[in-house]
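Student: I'd like to ask some things about the structure below.
The values are calculated or read from the model by the stated rules, or taken from the named source; none is laboratory data. Note that the structure is predicted; figures quoted are calculated from it, not measured. As a convention, Cβ positions derive from the backbone with ideal geometry for all residues, glycine included, and neighbour counts pool all protein chains shown. The accessibility values were calculated without ligands, DNA or RNA, using every heavy atom of the protein model including side chains. Shrake-Rupley method; radii C 1.70, N 1.55, O 1.52, S 1.80 Å.
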Amino acid sequence: MSNTYDLVVIGTGPGGYVCAIRAAQLGLRTAVVEKRATHGGTCLNVGCIPSKALLHASEAFEEAAKHFAGLGVIVSAPKLDLKTMMAFKDEGVAGNTKGVEFLLKKNKVDTFHGTGRIAGAGRVEVISEDGGNRMLETKNIVIATGSDVARLPGVAIDEKVVVSSTGALELDKVPKKLVVIGAGVIGLELGSVWRRLGAEVTVIEYLDRVLPGMDGEVGKQFERLMGKQGIAFKLSSKVTGVTVEKKGGATVTVEPAAGGEAETLQADVVLVAIGRVPYTEGLGLDTVGVQTDNRGRIQTDSHYATNVTGIYAIGDVIAGPMLAHKAEDEGMAVAEILAGKSGHVNYGVIPNVIYTFPEVASIGRTEEELKKDGIAYNAGKFPFTANGRAKVNRTTDGFVKILADATTDKVLGVHIVGADAGNLIGELAVAMEFGASAEDVARTCHAHPTLTEAVKEAALAVGKRAIHM
Ligand code: FAD
Ligand code: NAI
């Protein structure tokens, strides 16, 4: 194998492997360097895929326990076989990571396992676990090294009692009491998993709301629904210490965020889920002088180029939402740019989905953002209680809300809480990419009886002409 490439990609998460495949499709001689034994990055190994596997399995467990009888399906109380559930998750992960390995091979991308270090412009050193190394020469380098768990000062993660999302995906028994620090996406997805399997879950959040950054109405409704399911919230609260006890478990000290009297909570497991930070350890950025911002993110221009010629960066390691599909689209865009085409990502139209039950999905601007920017808008909202399919399925929690420009009727944002919201948002992403108006969505024929009719009705509601409400 000759060691000279058009492109070397460091990291094979969703950003890196997609970039490499697209570059190879476009005729660039491409190699990837990955320090994990398997490809797919955080997403496939310890993120999106295993968390969705456990969400799926735990939802089935809860359905069987609480809802089957109401459908006339009589089964004895389901028993949890956590070991098999974890094996189900691991099989799903292996299937996906092997799939990426197959795709890289199929596209003739050379793969190197080891830590990639940029030794200079056009040179990537691969340091393997046994200490051996080899140098790859390349015209271009794309850094796609992703992100890592954000740490809480003074709280050591041992992945047994005090866990990050990684440890929370492989607990060997259901904790009686789980304390989650952070009411963001990970806290609520993995909090839901362990609540469904029998844990008593308390979520501690620094801010006065859950899911900061999401539309305020969505946050309020979601907090209410999660509360009804049994998750307890302590908002406007900060954790000032976590002590692991010799007898097992931990004591968590909590204070009001604004200051005040401290209280303590006992937990069998504490999940730290306060965000993620860009990962650039061992890359040698200093050696080549690649600039990062004050949050450690690699700085790039609109073509993903860093300040050093021939070095590019994409995905969680640069600014923007830390989402797999955002990383993938950037991977594709940078490959196209390097092949002389015009790659591009529309950051105004990136869906964001939380895979709880019900799901939350949003795209575009929130009401708060539109108000802040002084943009006049009309809101059309339709509750699932009025959707025929949701009614018959008894999945009536939530709503679809469409925000459209008051003058042009162009769709500016969509926010959904409801069953299958993650799939429902797809049509709105396409509509927004095509600059659709609410009326365009309203006049599009939607199949009956489907949940998508709630989307049509919300679009009709923008013009105050919903039919079923
Ligand atoms: P990563 O996936 O982090 O991949 C980076 C890769 O680079 C890693 O494999 C790493 O080993 C490798 N690497 C790092 N440094 C080096 C080096 N020097 N040399 C060689 N290799 C290196 N996003 C969604 O869109 N949907 C979800 O449902 C979702 N669920 C998630 C659930 C959890 C629990 C977590 C933690 C994250 C989730 N995410 C989800 C976020 C998603 O995983 C990330 O946004 C995505 O993986 C980012 O892709 P990336 O390619 O930028 O980086
Ligand atoms: P997050 O940013 O979603 O939420 C972190 C929460 O912790 C916020 O509500 C924040 O206010 C709170 N917080 C921060 N410091 C705190 C403190 N000291 N005490 C109490 N609360 C504190 O981060 P999370 O949940 O860790 O997820 C990380 C990233 O992974 C997300 O940015 C998301 O993009 C990605 N992800 C995406 C998923 C999806 O798309 N379904 C699923 C899981 C993760």
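Student: Hey, what do the phi angles of the range 36-43 turn into as Karplus ³J(HN,Hα) couplings, whole Hz, using 6.51/-1.76/1.60 and θ = phi - 60°, x for Gly and Pro?
Tutor: 6, 6, 10, 8, x, x, 4, 4
Student: From the backbone phi of the range 101-111, what are the Karplus-calculated ³J(HN,Hα) couplings (6.51 cos²θ - 1.76 cosθ + 1.60, θ = phi - 60°) in whole Hz, Gly and Pro given as x?
Tutor: Once θ is set to phi - 60°, the couplings for the range 101-111 become 4, 4, 5, 5, 5, 4, 8, 6, 8, 6, 10 Hz.
Student: Please compute the per residue accessible area over the range 352-462 with all protein chains in place, 1.4 Å probe, rounded to a whole number of Å². Working shown, then result.
Tutor: On the way: 4680 Å² over 111 residues.
Here the residues of the range 352-462 average 42 Å² of exposed surface.
Student: So which cysteines in the chain don't have a second cysteine's C-beta under 4.7 Å from them?
Tutor: Lone cysteines by the Cβ rule: C19, C445.
Student: If each DSSP helix of 4+ residues adds -39,500 (n - 2.57) and the sum is divided by the residues in the chain, what number results at 222 nm, nearest 500 deg cm²/dmol?
Tutor: Working: 14 runs with 152 residues, N = 469.
Per the formula, -10000 deg cm²/dmol.
Student: What trypsin sites (Lys or Arg not before Pro) in the range 204-268 are in a loop by DSSP, with at most 14 other Cβ atoms within 10 Å of the Cβ?
Tutor: Passing both the DSSP loop test and the Cβ count: K246, K247.
Student: Taking θ as phi - 60°, what are the ³J(HN,Hα) couplings along the range 380-393 by the Karplus curve (6.51, -1.76, 1.60), each to the nearest whole Hz, with x for Gly and Pro?
Tutor: Per residue, the Karplus-derived 3J(HN,Hα) values read x, 10, 9, x, 5, 4, 9, 9, x, 5, 5, 4, 5, 7 Hz.
Student: Note down the relative contact order for the chain as a percent, whole number, built from C-alpha pairs under 8 angstrom at least six residues apart.
Tutor: 14 percent
Student: Still on this structure: Going by amide H atoms built from the backbone, whose H comes under 5 Å of the H on H446, apart from near neighbours?
Tutor: Amide H neighbours of H446: none.
Student: Need the full-extension length gain, V308 to S128, defined as separation in residues times 0.36 nm minus the C-alpha distance. One decimal, nm.
Tutor: Values: separation 180, 0.36 × 180 = 64.80 nm, distance 2.56 nm.
Taking V308 through S128 to full extension adds about 62.2 nm, to one decimal.
Student: Which one of V411, G398, G364 is farthest out on the positive end of the charge dipole of the range 352-462, using unit charges on Cβ (Lys, Arg +1; Asp, Glu -1) and the Cα centre as origin?
Tutor: G398
Student: So, one more: To the nearest 20 debye, what is the magnitude of the charge dipole of the chain about its Cα centre, counting +1 on the Cβ of each Lys and Arg and -1 on the Cβ of each Asp and Glu?
Tutor: Here the size comes out at about 640 debye.
Student: Can you list residues whose amide H is under 5 Å from G398's amide H, if they're 5+ apart or on another chain and H is modeled 1.01 Å from N?
Tutor: Here F384 satisfy the definition.
Student: On to the next question. In the range 352-462, if every C-alpha pair distance is counted and binned at 5 Å from zero, what percent goes to each bin?
Tutor: P(r) for the range 352-462, in whole percents per bin: 2, 14, 25, 26, 19, 10, 4, 1, 0.
Student: With a probe of 1.4 Å, find how much accessible area the range 175-300 has per residue, and write the answer as a whole number in Å².
Tutor: Values: 5700 Å² over 126 residues.
In whole numbers, the range 175-300 has 45 Å² accessible per residue.
Student: Here is a follow-up. Just grab the label-to-label distance for E368 and Q25, each label 7 Å out from Cα along the Cβ direction, in nm (one decimal).
Tutor: 3.7 nm
Student: Right, here's the next one. I'd like the distance separating the alpha-carbon centroids of the range 75-116 and the range 414-469, in whole Å.
Tutor: Going from one Cα centre to the other spans 34 Å.
Student: Considering only A77, A442, V308, whose Cα is most displaced toward the positive end of the charge dipole of the chain, charges sitting on Cβ of Lys, Arg (+1) and Asp, Glu (-1)?
Tutor: A77
Student: Another question about this same structure. Using the Kirkwood radius over C-alpha pairs as Rh, can you work out the diffusion coefficient of the chain via Stokes-Einstein at 25 °C, viscosity 0.890 mPa s, in µm² per second?
Tutor: 102 µm²/s
Student: Show the residues, 5+ positions off or on another chain, whose built amide H is closer than 5 Å to the amide H of T292.
Tutor: Amide H to amide H, under 5 Å and 5 or more residues apart or across chains, T292 pairs with Q299.
Student: Longest exposed-loop-site-free stretch of the chain, with GluC sites (Glu not before Pro), DSSP loop and at most 16 other Cβ within 10 Å?
Tutor: On the way: sites that count: E129, E159, E170, E245, E261, E281.
No qualifying site falls inside 282-469, the longest such stretch.
Student: Do any trypsin sites (Lys or Arg not before Pro) in the range 254-363 lie in a loop, going by DSSP, with at most 14 other beta-carbon atoms within 10 Å of their beta carbon, and if so which? Present the calculation step by step, with values, prior to reporting the outcome.
Tutor: Values: sites: R276, R295, R297, K326, K341; in loops: R295, R297, K341.
Passing sites in the range 254-363 are R295, K341.
Student: When the accessible area of the chain is split by element with a 1.4 Å probe, what percent falls to carbon and sulfur? Provide the component values of the computation, followed by the final result.
Tutor: Details: 11250 of 21640 Å².
Solvent-exposed carbon and sulfur of the chain make up 52 percent of the total.
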